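The values are calculated or read from the model by the stated rules, or taken from the named source; none is laboratory data. From a predicted model like this one, the values you see are computed outputs, not experimental measurements. No Cβ is skipped: glycine too gets one built from the backbone with ideal geometry, and neighbour counts run over all protein chains shown. Ligands, DNA and RNA are excluded from the accessible area calculation, which covers all protein heavy atoms including side chains. Shrake-Rupley method; radii C 1.70, N 1.55, O 1.52, S 1.80 Å.
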Amino acid sequence: MPKFIFLLLFITTTLAAQTKMSTIEANALKEKVKTYASTINTISSDFTQYKHLDFLANDIVTSGKMAFKTPNMVKWEYSKPFKYSVVFKNQSLYINDNGNKNTIDIGSSEQFKQLNKLIINSVKGDMFDTNEFSINYYKKGKNSEVHFNPRDEKFKTFIKVFHITFNTKGDVIEVKMIEPSDDYTTIIFNNRTINTPLADEIFAN
């Protein structure tokens with residue numbers, strides 16, 4: 001295939017894959033997601049995480065399970081290729097690195113508090129605060145992708161932009177965090193269940 005035809009097909013496919021929403025479509029998506037997120041009390045999900053670093057030929061792939069319980073408990077439990085867990089709870093960050101435990105007080109750090117809030121809201125999908133973000137809405141096949149650009153200058157030093165992909169129901173199926181260096185982390189959720197009872201012991205540190 002001639003190179004210019006291949007390039008044309010690539011550009012056409014890329015444009016078709018992501019089209020900017022109209023204001024009406026964006027408002028409808030926002031209301032759907034906010035309404036759906038307001039019903040969420042717990043989330044359980046498998047996840048696969050891809051960490052892209054520019055100097056590596058291949059992404060670093062890890063996987064595990066995520067659990068969320070209102071109002072502010074989130075657990076990321078990695079099982080492959082290593083065992084590692086992170087729990088956000090009561091303004092603290094609890095880390096368990098294969099039995100080696102550490103606790104970080106995030107209540108005294110404005111950046112950590114912002115990060116904790118960002119993680120909770122991104123898991124639920126409700127990040128539509130225009131005071132904190134400039135927001136752009138896109139259609140991505142049958143799904144929707146929303147780009148959240150932080151307005152806070154300090155916060156932008158470690159997160160350049162946040163992408164969240166929603167399915168037709170308004171549930172989060174993918175999160176992408178892009179750093180100022182353009183390295184990024186993509187988390188894809190599978191087997192995601194909503195409002196299944198979760199014991200507090202799951203979030204024990």
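When Thr196, Thr186 are screened for being over 20 Å from Thr23 (Cβ atoms), of a type in the set (Ser, Thr, Tyr) and in a strand (DSSP E or B), only Thr186 passes.
Please tell me if Leu53 is under 19 Å from the mean Cα position of the chain (by Cα) and either surrounded by fewer than 16 Cβ atoms within 10 Å (Cβ to Cβ) or within 15 Å of Val175 (Cα to Cα) (or both).
Yes: the conditions hold for Leu53.
Inspect all residues belonging to region 108-122 and state whether any of them is modelled with pLDDT under 95 and in contact with a Ser or Thr (Cβ under 7 Å, 6 or more places away or on another chain). Checked against the condition, which is being modelled with pLDDT under 95 and in contact with a Ser or Thr (Cβ under 7 Å, 6 or more places away or on another chain), region 108-122 yields no hits at all.
If you go through region 171-187 one residue at a time, how many are more than 14 Å from the chain's Cα centre (by Cα) and either open to solvent by less than 60 Å² (accessible area, probe 1.4 Å) or on the phi > 0 side of the Ramachandran plot (or both)?
Going residue by residue through region 171-187, those that are more than 14 Å from the chain's Cα centre (by Cα) are 180-183.
Of the ones still in play, those that are also either open to solvent by less than 60 Å² (accessible area, probe 1.4 Å) or on the phi > 0 side of the Ramachandran plot (or both) are 182-183.
So the count comes out to 2.
Would you be able to say whether some residue in region 188-205 is open to solvent by 50 Å² or more (accessible area, probe 1.4 Å), at positive phi and modelled with pLDDT of 95 or more? The answer is yes; a qualifying residue exists. Based on what the data block shows, is Tyr94 open to solvent by less than 60 Å² (accessible area, probe 1.4 Å), closer than 21 Å to Ser63 by Cβ and touching a Gly at 6+ places or on another chain (Cβ under 6 Å)? No, not satisfied.
Is it fair to say Thr42 is surrounded by 11 or more Cβ atoms within 10 Å (Cβ to Cβ), modelled with pLDDT under 95 and within 20 Å of Asp171 (Cα to Cα)? Show your work before the answer.
Values: surrounded by 11 or more Cβ atoms within 10 Å (Cβ to Cβ): yes; modelled with pLDDT under 95: no; within 20 Å of Asp171 (Cα to Cα): yes.
Here the answer is no, as Thr42 does not meet what is asked.
Filter region 92-107 for residues that are among the polar types (S, T, N, Q) and in contact with a strand residue (DSSP E or B) (Cβ under 7 Å, 6 or more places away or on another chain) and give the result. Once the filter is applied, which keeps residues that are among the polar types (S, T, N, Q) and in contact with a strand residue (DSSP E or B) (Cβ under 7 Å, 6 or more places away or on another chain), region 92-107 yields Ser92, Asn96, Asn98, Asn102, Thr103. Residue-level check: of (1) under 15 Å from the mean Cα position of the chain (by Cα); (2) in a strand (DSSP E or B), Ile120 misses just (2). Look at (1) open to solvent by less than 70 Å² (accessible area, probe 1.4 Å); (2) more than 19 Å from Asp59 (Cα to Cα); (3) of a type in the set (Lys, Arg) and you find that Lys154 fails only one, number (1). With respect to Val87, is the statement that it is open to solvent by less than 20 Å² (accessible area, probe 1.4 Å) and within 19 Å of Val146 (Cα to Cα) true? So Val87 fails the test.
Flag not set for Ile187, criterion: free of Cβ contacts under 8 Å to residues at least 40 places away in the same chain and in contact with a Phe, Trp or Tyr (Cβ under 6 Å, 6 or more places away or on another chain).
List every residue pair whose Cβ atoms sit under 7 Å apart, with the two residues 6 or more apart in sequence or on different chains, where the first one lies in region 157-170 and is of a type outside the set (Val, Ile, Thr) and the second, anywhere, is open to solvent by less than 10 Å² (accessible area, probe 1.4 Å) and assigned to a strand (DSSP E or B). Going by the 7 Å Cβ cut-off, the qualifying pairs are Phe162/Phe148; Phe166/Val172.
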